[in-house]
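Participant: Below you will find the structure I want to go over with you.
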Amino acid sequence: MKWTQCIALLGLMFASLVILAGQEESPRKDRKTRFTSTDGTFYFEYPASFAQCGRIPNQPDRWGPDESCEAFIPVCSDFSGQSDGTVTCIAYPTERMKGTNFQAAAFSVSELKAATSAECMRVEEPPPHVGSVRKETVNGVTFTVIETDGVATGNLIDGYVYRSFHRAKCYELDVRIAFSNPADADPGTMKNFDVEVVHHRLKKVLDTFMFVK
């Protein structure tokens, strides 16, 4: 076999290995993890690269790991910033946001105390700023969607609240994105991150939410 033919054959073999590696890597890259509630009422799926947050022992209002699940304004909480009813919290990976004003962002599910559908939909004091309110259907269930934002000593949050009264329980699905005001940092030390990209990724998690019973 001529030298040029050997080189060509090796090139084809290398290209085939690259293609196979890509085919094997893709499922791992897009792998999803399923969370199912302990009572089996609902489930949702999220990318394996996201962090599953958990309550810190002896600090029930604090969630870890800190670098993904904690911010000046809580992200593993309901609309009012409380996490008493938070059932689960999944956080966006922070390592992608180094050098930006991003603090933390998460999708969470809470069970709120409400005896009726009207109580479930009521927004109580002290609320952040409330924006538009609309209806949206997620996997056959109609949710009331409330857009919110808030400010606390130079820290900000964008929130998207989804509420539904299902089988005599008030469920709240939250997408909360916390970040710093770059104007408070030294010039050139902090970049703005793309809020819409983060919201889109967390909304894709919310869109997989489904009541099983």
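The values are calculated or read from the model by the stated rules, or taken from the named source; none is laboratory data. Fair warning: this is a prediction, and the values are worked out from it, not measured in the lab. Counting neighbours? That spans all protein chains shown, and the Cβs are built from the backbone with ideal geometry, glycine included.
Participant: Examine the range 187-198 for a residue that is modelled with pLDDT under 90 and either of a type in the set (Gly, Ala, Ser) or closer than 21 Å to Gly81 by Cβ (or both), and state whether such a residue exists.
Facilitator: yes
Participant: Now for a separate question. Among the numbered criteria (1) within 18 Å of Leu202 (Cβ to Cβ); (2) at pLDDT 90 or above, which one does Arg96 miss?
Facilitator: (2)
Participant: Here's a check for you: in the range 38-62, which residue that is part of a strand (DSSP E or B) and touching a Pro at 6+ places or on another chain (Cβ under 8 Å) is farthest from Gly150 (Cα to Cα)?
Facilitator: Here is the first cut: in the range 38-62, the ones part of a strand (DSSP E or B) are 42-47, 51-52, 54-56, 59-62.
Applying the additional criterion that residues be touching a Pro at 6+ places or on another chain (Cβ under 8 Å) yields 51, 61.
Values: Ala51: 24, Asp61: 19 Å.
The qualifying residue farthest from Gly150 (Cα to Cα) is Ala51.
Participant: Follow-up. Would you check which residues across the range 184-213 are within 23 Å of Thr94 (Cβ to Cβ) and without any contact (Cβ under 8 Å) to a residue 24 or more places away in the chain and list them?
Facilitator: The answer is Asp186, Gly188, Thr189, Asp194, Glu196, Val197, His200, Lys204.
Participant: Next up: Please indicate, with yes or no, whether at least one residue in the range 113-126 is under 28 Å from Thr38 (Cβ atoms), touching a Cys at 6+ places or on another chain (Cβ under 8 Å) and crowded, with 17+ Cβ neighbours inside 10 Å.
Facilitator: For the range 113-126, residues under 28 Å from Thr38 (Cβ atoms), touching a Cys at 6+ places or on another chain (Cβ under 8 Å) and crowded, with 17+ Cβ neighbours inside 10 Å: present.
Here's the yes/no breakdown for (1) more than 30 Å from Gly140 (Cβ to Cβ); (2) of a type in the set (D, E, K, R); (3) outside the structural domain of Asn139 (by TED's automatic domain parsing):
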residue: Ile177; (1), (2), (3): no, no, no
residue: Ser180; (1), (2), (3): yes, no, no
residue: Ala185; (1), (2), (3): yes, no, no
residue: Lys191; (1), (2), (3): yes, yes, no
residue: Val205; (1), (2), (3): no, no, no
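Participant: Taking Thr144 as meeting all but one of (1) in contact (Cβ under 8 Å) with a residue 24 or more places away in the chain; (2) in a strand (DSSP E or B), write down the number of the exception.
Facilitator: Failed condition: (1).
Participant: Further question on the same structure: Are there any pairs with C-beta distances below 7 angstrom linking a residue in the range 46-68 that is free of Cβ contacts under 8 Å to residues at least 24 places away in the same chain to a residue that is assigned to a loop (DSSP other than H, G, I, E, B) and hydroxyl-bearing (Ser, Thr, Tyr), with the two at least 6 apart or on different chains, and if so which?
Facilitator: Going by the 7 Å Cβ cut-off, the qualifying pairs are Asp61/Ser83.
Participant: When you check Val212 against the structure, is it surrounded by 12 or more Cβ atoms within 10 Å (Cβ to Cβ) and closer than 27 Å to Phe42 by Cα, yes or no? It would help to see each step written out before you state the result.
Facilitator: Details: surrounded by 12 or more Cβ atoms within 10 Å (Cβ to Cβ): no; closer than 27 Å to Phe42 by Cα: yes.
Considered against the rule, which asks whether it is surrounded by 12 or more Cβ atoms within 10 Å (Cβ to Cβ) and closer than 27 Å to Phe42 by Cα, Val212 comes out as no.
Participant: While we're on this one: When you go through (1) of a type outside the set (S, T, N, Q); (2) modelled with pLDDT under 85; (3) in the same structural domain as His166 (by TED's automatic domain parsing) one by one for Ile19, which number turns out not to apply?
Facilitator: Failed condition: (3).
Participant: While we're on this one: If you go through the range 34-81, how many residues are more than 19 Å from Leu112 (Cα to Cα) and of a type in the set (Ser, Thr, Tyr)?
Facilitator: The number of residues fulfilling the criteria is 3.
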